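Remarks on the structure that follows.
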Protein chains: 2
Amino acid sequence: MAKFEPVTDPAGLLAFTVSAIRPADRVAAGGADARQGRLTKPPGALGRLESLATRIAGITGLERPRLDQRLVIVAAGDHGVTAQGVSAYPAEVTAQMVANFLAGGAAINVLAKHAGARVRVVDAGVRGEIPDHSDLLRLRLGPGTDDISRGPAMSRALAERSLAEGIALFERERTADGIQIVALGEMGIGNSTSAAAIIAATTGLAPRTVTGRGTGVDDAHFELKVAAVERALHVNQPDRMDGVGMLAALGGFEIGVLAGAYLAAAAARVPAVIDGVISSAAALIAAAIAPNAVDSFVASHLSVEPGHLAALRHLRLEPVLDLNMRLGEGSGAALAISLCVAACRLLDEMATFDEAGVSDSDAAVEPEA
Amino acid sequence: MAKFEPVTDPAGLLAFTVSAIRPADRVAAGGADARQGRLTKPPGALGRLESLATRIAGITGLERPRLDQRLVIVAAGDHGVTAQGVSAYPAEVTAQMVANFLAGGAAINVLAKHAGARVRVVDAGVRGEIPDHSDLLRLRLGPGTDDISRGPAMSRALAERSLAEGIALFERERTADGIQIVALGEMGIGNSTSAAAIIAATTGLAPRTVTGRGTGVDDAHFELKVAAVERALHVNQPDRMDGVGMLAALGGFEIGVLAGAYLAAAAARVPAVIDGVISSAAALIAAAIAPNAVDSFVASHLSVEPGHLAALRHLRLEPVLDLNMRLGEGSGAALAISLCVAACRLLDEMATFDEAGVSDSDAAVEPEA
């Protein structure tokens with residue numbers, strides 16, 4: 001188990017990080033694009049892999065980026081709103097699944113290993129007991145959030161602290177082992193209700209439109225969930241321009257930690273891969289705090305959760321995978337890491353027409369109609 | 001350079017292989033499905049990854065299949081129909097790109113390495129000179145096909161031989177190094193015209209509907225290409241029930257070799273991953289010869305070529321990726337190998353609810369509404 005001193009000046013660390021965030025590097029992206037046009041393939045024939053590599057060049061500021069050091073952060077937290085019957089699973093599953101992550105038996109363990117990424121599990125605020133483990137980062141900002149259908153999830157000070165702790169843990173990991181790409185995943189029974197509320201508050205869409213069935217609730221539970229989201233918006237009246245306030249009102253501790261990690265990744269010019277609907281809600285919080293952070297996001301997959309598409313559209317991001325997944329944990333983002341690595345390897349390792357002595361087409365000279 | 005004795009009895013080897021092809025193993029697929037229901041995730045939460053693993057279980061006959069030995073076959077051939085101005089690239093690019101494959105500078109080299117797959121390059125019938133190389137399988141069934149817009153691509157005997165040589169090369173590779181999954185890719189300036197003709201003949205769709213811009217032809221070239229496909233169907237009058245005849249009339253040598261490899265893979269219960277539009281045309285030939293072979297196909301990506309979707313629909317296959325690719329070479333199939341491996345690792349390596357001590361939901365007991 002790793003235990004760290006709490007961040008001493010959360011507001012200061014947050015402000016410092018936000019001030020370091022810059023938009024994408026157009027020069028590097030342009031250089032990557034120009035190189036893709038010289039590689040031994042018809043122009044554009046690698047489709048989304050080309051735009052993905054160009055995006056990552058812009059994020060990193062490197063014409064031929066490498067993604068050798070890969071990290072998946074899985075932040076876990078419990079949610080007071082489970083008292084409203086919004087989930088098909090009992091709340092103790094959060095702690096049980098954290099133990100499963102630490103034992104290596106969950107989907108994210110398999111998929112991170114497949115992608116060559118290490119996994120860091122964060123107890124952002126789980127209610128139940130989690131045994132000590134060397135891979136566990138124990139932040140524990142509280143024993144789960146308060147019920148958002150009856151008031152704010154947490155105080156503004158705790159929201160700021162959850163963001164700052166997310167920044168600090170990203171920076172510790174980056175300093176210790178390096179991070180060239182990061183996937184942001186989560187676990188928390190009830191957190192798709194928080195995510196739906198954040199997405200509704202940000203996009204202005206109706207709660208019913210952006211609320212999904214999460215891990216598989218039936219019709220009756222679904223109605224309870226929509227009602228909980230509606231009440232959360234009514235009692236909290238969140239301001240979509242105030243990311244910290246939205247997080248305090250509607251968010252989970254794990255959502256705050258992830259939003260902080262998104263900001264830290266943006267400041268460090270590291271591509272941050274969004275997973276499913278909860279991860280995308282954390283991305284919305286980060287974007288509300290620092291709009292330029294969006295330039296460093298990569299959308300991985302399209303979840304079956306309706307709020308996910310709404311969130312990605314708001315961020316103007318298009319996912320690279322559409323596999324009907326709805327698991328969370330960072331599972332879709334871990335798969336997408338593999339595609340990002342493939343895209344960057346193509347950009348870096350393919351021969352150019354000149355190098356390979358291959359005749360180019362007219363199409364490479366005159367752009368396609 | 002590897003050189004082999006020609007197959008002595010092509011018709012006999014083809015008939016023997018076809019007779020060995022069985023439908024998917026429903027018991028193994030059912031066992032895989034049952035196991036997925038016990039893994040620590042909500043039922044169905046891994047979406048297409050679950051159906052992919054179940055499909056591969058049915059193909060291999062194993063409840064927990066492993067895909068450690070991975071092969072990409074890239075078959076190359078030239079096409080007499082290039083005389084009709086159907087391509088944006090000169091025909092010598094086929095031989096140049098084969099040299100690029102052998103030097104390791106092409107997209108498929110990068111993507112196969114990324115997927116942990118070895119690459120075998122086959123000269124099925126390239127017109128130009130290809131220097132000797134230890135990784136080249138030199139079949140060279142002819143110096144390119146005849147112009148399909150003026151008559152058959154090849155004799156029926158040569159069509160049979162190309163299929164038999166595809167079977168033989170798959171079997172040699174399987175015996176020598178093992179194959180647990182294979183991706184079928186190709187290279188051949190002009191071969192998207194052959195593919196469009198095969199797809200039109202098989203599906204009954206109009207040539208204009210299934211003909212695409214290949215490597216990037218302009219409007220004028222596109223009209224020449226549609227006209228060439230229309231004439232190919234008119235002069236050859238292919239019979240969609242006669243796979244060997246369709247291949248002789250419309251196909252390339254590389255398409256025949258790939259179709260043979262599809263049949264050999266089906267007979268050996270090895271998942272065969274379809275790449276783009278030309279690879280799917282070869283799959284249609286294999287399916288016309290042995291309808292049960294389709295059970296062993298896996299559709300990788302959806303190409304921007306319109307004929308690709310038509311072919312996959314005819315085969316009732318749904319691709320797992322949609323990345324606007326249109327390169328061929330096996331590039332999309334190599335990416336999909338990685339997803340197949342991930343899907344099978346999840347099935348094999350994830351903990352069950354019992355093993356992990358995680359509480360199950362009601363949803364796992366009562367199927368979701």
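Divided by 2.2 N^0.38 Å, where N counts the residues, the Cα radius of gyration of the protein assembly as shown comes to 0.99.
Within chain B, the longest segment free of exposed loop sites, counting trypsin sites (Lys or Arg not before Pro) that fall outside DSSP classes H, G, I, E and B and have at most 11 other Cβ atoms within 10 Å, spans B:4-315. Estimated from the Cβ-Cβ distance and a Förster radius of 25 angstrom, the FRET efficiency linking A:Phe16 and A:Arg118 is about 0.40. Computed from point charges on the beta carbon alone (+1 for Lys and Arg, -1 for Asp and Glu), the dipole magnitude for chain A about its Cα centre is near 300 Debye.
What GluC sites (Glu not before Pro) does the stretch B:279-369 have in DSSP loop regions with at most 10 other beta carbons within 10 Å?
When the GluC sites (Glu not before Pro) of the stretch B:279-369 are filtered for loop state and at most 10 Cβ neighbours within 10 Å, nothing remains.
Among A:Lys41/B:Lys113; A:Lys41/B:Lys225; A:Lys113/A:Lys225; A:Lys113/B:Lys113, which pairs are too far apart, with a Cα-Cα distance over 28 Å?
Beyond 28 Å: A:Lys113/A:Lys225.
How shielded is A:315-327 by partner chains, expressed as the average number of their Cβ atoms within 10 Å of its Cβ atoms? What the average comes to for A:315-327 is 4. Within the stretch A:242-369, the proportion of Cα pairs with more than 19 Å between them is 55 percent. Computed over the stretch B:70-343, the P(r) curve from all C-alpha pair distances, binned at 10 Å from the origin, holds 8, 36, 40, 15, 1 percent per bin.
Relative contact order of the stretch A:70-343, taken over Cα pairs closer than 8 Å and 6 or more residues apart, is 25 percent.
Label-point spacing at B:Glu318 relative to the other copies reads 2.1 nm, in ascending order, each point sitting 7 Å out from Cα along Cα→Cβ.
Tell me the mean residue ellipticity at 222 nm calculated for chain B from its helices only (DSSP H runs of n ≥ 4, each -39500 (n - 2.57), averaged over every residue, nearest 500). The per-residue figure over chain B is -15500 deg cm²/dmol.
When both bridge partners sit in chain B, DSSP labels roughly 5% of those beta bridges antiparallel.
Here, each number is a calculation from the coordinates, and none is a lab measurement. Computed from a predicted model, the values in this text were never measured in an experiment. Cβ atoms come from the backbone with ideal geometry, glycine included; neighbour counts cover every protein chain shown.
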